[in-house]
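Report on the following structure.
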Amino acid sequence: MKFGVIIFPGSNCDHDTHNVVAEIAHQPVTYLWHDSDDLKGVDAVLVPGGFAYGDYLRTGAIARFSPVMQSVKKFADGGGLVLGICNGFQILTEAGLLPGALMRNAGLKYICKQVHLRVETTETAFTNTLKKGEVLKIPIGHAEGNYYCTTEELKRLEAEGRIAFRYSTPSGEITAEANPNGSLANIAGVLNEKKNVLGMMPHPDRSSEPLLGSADGWRIFESMIAALATK
Amino acid sequence: MKAHVTVTLKSSVLDPQGQTIHNALGKIGIEGVQAVRQGKYFLLNLSPALSQEAARAQVERIAREVLTNPVIEEFSYKLEE
């Protein structure tokens, strides 16, 4: 199975993400250039972190108009797996592939630290090797990760099992103190309706080998590989 | 023709930047401000060939599709000859 990592001008986690697939997963992986609509026949698209197009106007706002994103939209509509990490998540919400928006952190600061995430659903291509209620240690690094959606949208997300991860304490409690950025209902990652698109602010690409302080992020890539193998 | 477009967070959305500015006003002794909301301003220089009606349609489209994220923001604008 072949993975594609998008490079926008301003992406800065493209190599980290590529490295996980090539060196840890040992799967074929290729870069996808923002200015081309050719997805090179990949089976999964990874939208990496960074500051696409300088995050001018709003985070992810300009990236959504790029040729590659027009192809990613079609790919996602056809059921293709798309994972957006950090800036990738912001781009996917701006592109309308995921509900809600990512706003400035409630405390206004850029936050870079390890956080804990409680797994809220395992019935997805991104979480199938995890256990419901399990807690992952994965770092965040962002100034705009404050998830927002309307009350009606939140109800829908909850009813349809589309919240993938919530910020929690190390023991899995959902508290205000465990919420680093003011996200609504401690949401750290959400899925689209068909659950083939996941966006998350924490970085599994920065936590896929023990040397980096946690290998919990690897579990998400591992799940994607398992899902693709049974397709 | 020019279009002056203002984008702000919807009133239902918390604006921590506006609140921080509001707090700072209090710190320098400015009273009588009940709340501050932060926004963005855009100046669009439009072709003089556009009719008022066409200009309105174009500015509204730009504001809706590019300048705002409709989940959290809203816009207003003024045209100037």
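The values are calculated or read from the model by the stated rules, or taken from the named source; none is laboratory data. Computed from a predicted structure; not experimentally measured. Positions of Cβ are backbone-derived with ideal geometry, glycine not excepted, and every protein chain shown enters the neighbour counts. The protein model used for the area step is the full one, side chains on, heavy atoms only, and it has no ligands, DNA or RNA in it. Shrake-Rupley method; radii C 1.70, N 1.55, O 1.52, S 1.80 Å.
Mean residue ellipticity at 222 nm from the helices of the protein assembly as shown, using -39,500 (n - 2.57) per DSSP H segment of n ≥ 4 over the full residue count, to the nearest 500 deg cm²/dmol? Don't skip to the answer; put the middle values down first.
Working: 7 runs with 69 residues, N = 312.
So the calculated ellipticity at 222 nm is -6500 deg cm²/dmol.
Which of the chymotrypsin sites (Phe, Trp or Tyr not before Pro) found in the range A:113-211 are in a DSSP loop and have at most 14 neighbouring Cβ atoms, other than their own, within 10 Å? Before the final figure, lay out the partial values.
Values: sites: A:Phe126, A:Tyr147, A:Tyr148, A:Phe165, A:Tyr167; in loops: A:Phe126.
Taking the range A:113-211 and a limit of 14 other Cβ atoms within 10 Å, no loop chymotrypsin sites (Phe, Trp or Tyr not before Pro) are found.
Would you mind checking which residues have amide H under 5 Å from A:Ala188's amide H? H placed 1.01 Å from N; only 5 or more apart, or other chain.
It is A:Phe165, A:Arg166, A:Tyr167, by chain and number.
At a 10 angstrom cut-off on C-beta neighbours, averaged per residue, how do the peptides A:100-107, A:87-94 rank from highest to lowest?
Working: A:100-107: 21.8, A:87-94: 28.8.
For the peptides A:100-107, A:87-94, the packing ranking is A:87-94, A:100-107.
Once A and B are treated as a pair rather than alone, how much accessible area drops out, both sides summed, in Å² to 100, probe 1.4 Å?
Numbers: alone 9540 and 5870 Å², together 14200 Å².
The summed interface area works out to 1200 Å².
Which order do peptides A:47-54, A:114-121, A:73-80 fall in by mean Cβ count within 10 Å, highest first? Display every interim value, and only then the final one.
On the way: A:47-54: 23.9, A:114-121: 21.5, A:73-80: 15.4.
Per-residue Cβ counts within 10 Å, averaged per peptide and sorted highest first, yield A:47-54, A:114-121, A:73-80.
For the range A:170-231, just the Cα set please: Rg and Dmax, both in angstrom.
Just the Cα atoms of the range A:170-231 yield Rg and Dmax of 13.8, 40 Å.
So, for chain A, what is the accessible surface per residue at a probe of 1.4 Å, expressed in square angstrom?
Values: 8910 Å² over 231 residues.
Normalised by residue count, the accessible surface of chain A is 39 Å².
May I ask you to give the solvent-accessible area per residue for the range B:2-80, in square angstrom, as obtained with a 1.4 angstrom probe?
Working: 5090 Å² over 79 residues.
Per residue, the range B:2-80 has an accessible area of 64 Å².
By average Cβ neighbour count within 10 Å, what is the ranking of A:60-71, B:70-81, A:172-183 from highest down? Working shown, then result.
Working: A:60-71: 20.6, B:70-81: 14.7, A:172-183: 16.2.
Highest-to-lowest ranking by the protection proxy: A:60-71, A:172-183, B:70-81.
Counting only protein heavy atoms, what percent of the accessible surface of chain A is carbon or sulfur at a 1.4 Å probe? Please list the in-between numbers first.
Values: 4640 of 8910 Å².
Result for chain A: 52 percent of the exposed heavy-atom area is carbon or sulfur.
Take the alpha carbon atoms of the range B:2-80, find their radius of gyration, then divide it by 2.2 N^0.38 Å using N residues; give the quotient.
Details: Rg = 15.9 Å, N = 79, 2.2 N^0.38 = 11.6 Å.
Here the Cα radius of gyration is 1.37 times the empirical estimate.
In the range B:57-80, which residues give up 30 Å² or more of accessible area once the other protein chains are added, compared with their chain alone (1.4 Å probe)?
So the qualifying set is B:Glu65, B:Val66, B:Asn69, B:Val71, B:Ile72.
Shielding of A:57-68 by partners, i.e. mean partner chain Cβ atoms within 10 Å per residue? Write down the numbers at each step before the final one.
Numbers: counts 7, 8, 1, 1, 4, 1, 0, 1, 2, 0, 0, 0.
Counting other chains' Cβ atoms within 10 Å and averaging over A:57-68 gives 2.
Measure nothing but the geometry: give the 0 to 90° angle between the long axis through the Cα atoms of B:16-27 and the longest principal axis through the Cα atoms of chain B, rounded to 10°.
50 degrees
With just the Cα atoms of the protein assembly as shown, tell me how far they stretch along each of the three principal axes, in Å, largest first.
So the three principal-axis extents are 61, 48, 35 Å.
Let me make sure I get this right: for the range A:53-127, a, b and c are the square roots of the gyration tensor eigenvalues over alpha carbons, sorted descending. Under 1.5 in a/c it's rounded, otherwise prolate if a/b > b/c, else oblate. Which is it?
Details: a/c = 2.43, a/b = 1.10, b/c = 2.22.
It is oblate, given that a/c is not under 1.5 and a/b is not larger than b/c.
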